[in-house]
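Notes to accompany the following structure.
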Amino acid sequence: QLIDNGEVRLTDNVSRYIPGFKPWVDPQSGDTVDITIRDLMTHSSGLAPYIDVQSFVQKYGPSQPDSLMSVIARDVKRNFRPGTKFLYSCLNFITLQHILENVTGMKLCDYAQKNVFDRLGLKHTCYNPSGETLTLCAPTAVQADGKPLLGKVHDPIARIINNGNSGNAGVFSNAEDLSKIAMALMNGGIFPSIFPNNSNRILSEAAVKTMITVPLENDPSVGRALGWDVSSEHSGVKGDLFSRTQAICHTGYTGPSIVIDFETHTAVILLCHRVHPRDEGSVGRLRATVANIVAGSILTPSRFKEVNGVNSNYLSDKD
């Protein structure tokens, strides 16, 4: 949305919005390469995946998002030249959160509520749930006090340091709301309705197309689009049958996942739960298996003709 509005560019250096944000330094030549917004969004920045939350809290205390951003900007290791490799990092999207907040003057949770969740008419999608949405939340891992987390984000950085308002984790939702998000993306950035208007548009068609495309500027091995996975080492959730280039996906640590195939206009949403009562479950194979079952059951025009014995000249692709 910020790109649609002309407020940021993918090629902008992070230091433009977060002063003092360190570049990558070539250990051989000493040359520096700035990290860009595109690098953050494709997990090709080289930033370390995470921080030691316990050590951070001992030094800075809990609920210190500004201190966290300062640590990411100046202290966190840059592992490789930006754009050359893939390394999933929660710190990438926490940095993007601070860029958004610096540009808009709004907290991420408030911006998302106003410009995405409310615009799509979502009823149970939010940060830090309360009311009816809180009563629908599933518990996650049991904590040291013997009680499970309920209605609080599981991720320690998001919960302990960022108070639930975090770029890397913290959105609660349900299947109905997630299906609306998927429909809006497959419909070019606007939720389809009987009376279409721009009040429920969240992105331009051009922005959606760009968002789901692996940037040519990155090494092909990165395999990430903007925020979404296409063909990285984490894309196994897509299974074996969905499009290799036109399907995007993402997973959540506690078990959920989503696959959106723009070739067949299909979304697979799994709200699995693998961390209650202990953080020991695994759903990797389940995700891919369900994706295969769904992909294999789709009746494309050619398959429809075959199943129903219809003359191949009778139906057009449009039918």
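Going by the conditions given, is GLY151 in a loop (DSSP other than H, G, I, E, B), at pLDDT 95 or above and touching a Leu at 6+ places or on another chain (Cβ under 8 Å)?
Yes, satisfied.
Restricting the stretch 12-28 to residues that are in a loop (DSSP other than H, G, I, E, B) and open to solvent by 70 Å² or more (accessible area, probe 1.4 Å), which is farthest from VAL76 (Cα to Cα)?
This residue is GLN28.
Is one or more of the residues making up the stretch 193-205 in a loop (DSSP other than H, G, I, E, B), within 27 Å of VAL268 (Cβ to Cβ), modelled with pLDDT under 95 and not hydrophobic (A, V, I, L, M, F, W, C)?
Yes, because at least one residue in the stretch 193-205 is in a loop (DSSP other than H, G, I, E, B), within 27 Å of VAL268 (Cβ to Cβ), modelled with pLDDT under 95 and not hydrophobic (A, V, I, L, M, F, W, C).
Does any residue of the stretch 57-79 turn out to be more than 22 Å from ILE160 (Cβ to Cβ) and surrounded by fewer than 19 Cβ atoms within 10 Å (Cβ to Cβ)? So that I can check it myself, show each step before the final result.
We begin by selecting, within the stretch 57-79, every residue more than 22 Å from ILE160 (Cβ to Cβ); these are 78-79.
Next, only the ones that are surrounded by fewer than 19 Cβ atoms within 10 Å (Cβ to Cβ) stay: 78-79.
Yes, there is a match, as at least one residue in the stretch 57-79 is more than 22 Å from ILE160 (Cβ to Cβ) and surrounded by fewer than 19 Cβ atoms within 10 Å (Cβ to Cβ).
When you look at ILE181, is it in a helix (DSSP H, G or I) and closer than 30 Å to PRO62 by Cα, yes or no?
no
Kindly list the number of the only condition in (1) in a loop (DSSP other than H, G, I, E, B); (2) modelled with pLDDT of 95 or more; (3) farther than 26 Å from PHE93 by Cβ that fails for ALA295.
Status for ALA295: all satisfied but (1).
Scan the stretch 29-62 residue by residue and report those that are among the aliphatic types (A, V, I, L, M) and closer than 20 Å to ASN92 by Cβ.
Kept after step one, since they are among the aliphatic types (A, V, I, L, M), are these residues of the stretch 29-62: 33, 35, 37, 40-41, 47-48, 51, 53, 57.
Hits for the stretch 29-62 are VAL33, ILE35, ILE37, LEU40, MET41, LEU47, ALA48, ILE51, VAL53.
Would you check if SER44 is farther than 29 Å from GLU233 by Cα and surrounded by 13 or more Cβ atoms within 10 Å (Cβ to Cβ)?
no
Collect the residues in the stretch 85-119 that are of a type in the set (Gly, Ala, Ser) and open to solvent by less than 20 Å² (accessible area, probe 1.4 Å), keeping them in residue-number order.
Once the filter is applied, which keeps residues that are of a type in the set (Gly, Ala, Ser) and open to solvent by less than 20 Å² (accessible area, probe 1.4 Å), the stretch 85-119 yields SER89, ALA112.
Kindly establish whether PRO82 is buried (at least 17 other Cβ atoms within 10 Å of the Cβ), closer than 25 Å to THR32 by Cα, in contact with a Phe, Trp or Tyr (Cβ under 9 Å, 6 or more places away or on another chain) and of a type outside the set (A, V, I, L, M, F, W, C).
Yes; evaluated as a whole, the condition is true for this residue.
Please identify the pairs in which a residue from the stretch 71-85 that is over 21 Å from SER221 (Cα atoms) and of a type in the set (Asp, Glu) has its Cβ atom under 6 Å from the Cβ atom of a residue that is open to solvent by less than 50 Å² (accessible area, probe 1.4 Å) and in a loop (DSSP other than H, G, I, E, B), counting only partners at least 6 apart or on another chain.
Pairs that qualify, where the first residue is over 21 Å from SER221 (Cα atoms) and of a type in the set (Asp, Glu) and the partner is open to solvent by less than 50 Å² (accessible area, probe 1.4 Å) and in a loop (DSSP other than H, G, I, E, B): there are none.
Given the residues ALA175, ALA169, ALA158, which is the only one that is open to solvent by 50 Å² or more (accessible area, probe 1.4 Å), among the small types (Gly, Ala, Ser) and under 22 Å from GLY255 (Cβ atoms)? Working first, answer last.
Values: ALA169 fails: open to solvent by 50 Å² or more (accessible area, probe 1.4 Å); ALA158 fails: open to solvent by 50 Å² or more (accessible area, probe 1.4 Å).
Exactly one of ALA175, ALA169, ALA158 is open to solvent by 50 Å² or more (accessible area, probe 1.4 Å), among the small types (Gly, Ala, Ser) and under 22 Å from GLY255 (Cβ atoms), namely ALA175.
Among the residues of the stretch 213-257, count how many are more than 18 Å from SER282 (Cβ to Cβ) and either under 18 Å from the mean Cα position of the chain (by Cα) or crowded, with 19+ Cβ neighbours inside 10 Å (or both).
Residues in the stretch 213-257 being more than 18 Å from SER282 (Cβ to Cβ) and either under 18 Å from the mean Cα position of the chain (by Cα) or crowded, with 19+ Cβ neighbours inside 10 Å (or both): 20 in total.
The values are calculated or read from the model by the stated rules, or taken from the named source; none is laboratory data. The structure presented is a predicted model; accordingly, all values stated were derived computationally and were not measured. Cβ atoms come from the backbone with ideal geometry, glycine included; neighbour counts cover every protein chain shown. Accessible surface areas use protein heavy atoms only, side chains included; no ligands, DNA or RNA. Shrake-Rupley method; radii C 1.70, N 1.55, O 1.52, S 1.80 Å.
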